[in-house]
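Every number in this text was worked out from the coordinates using simple rules, so none of it is lab data. Here the structure is a predicted model, which is why all the values come from computation and not from measurement. Quick reminder, even Gly has a Cβ in these numbers, built from the backbone with ideal geometry, and neighbours come from all protein chains shown.
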Amino acid sequence: MPPKRTSVATARAAAAAIAPMTIVAVEQLIEARVSAALANNETLRNSTNELALMCGRMFHEESYEVEKYVGGLPDMIRRNVMSYQPKTMEKAIEFANDQMGQNVLTIAERQAE
């Protein structure tokens, strides 16, 4: 099979594609891609915030469970947990455990004196 014939314009375009890029061209390419990535990140952040707001409305039973859990805590800890306004059971339990730990340490310190 005979070799393909190329035009002068095609040969120049191929040579330009192979030619090394200048520093300015590299910086422009990086800047363009960083800008695109930042715009994409902002879009994802906005959609994530919208989803979080929708989930709060769709899954209100977890907030009911949090209120139910917090209702069984001692008054001082319940007030602290409710002022923290946990959105999930995990956060409510974690914060309540921290508060209980602080209470235990305070009682232990008083008894040690």
Net lengthening on full extension, residue 43/residue 88 (0.36 nm per residue, minus Cα-Cα): 13.7 nm
Under 12 Å, Cβ to Cβ, from residue 72 - net charge with Lys/Arg +1 and Asp/Glu -1: -1
Derived scalar couplings ³J(HN,Hα) [the range 65-75; Karplus, 6.51 cos²θ - 1.76 cosθ + 1.60; whole Hz; x for Gly, Pro]: 5, 4, 4, 5, 5, 5, x, x, 8, x, 3
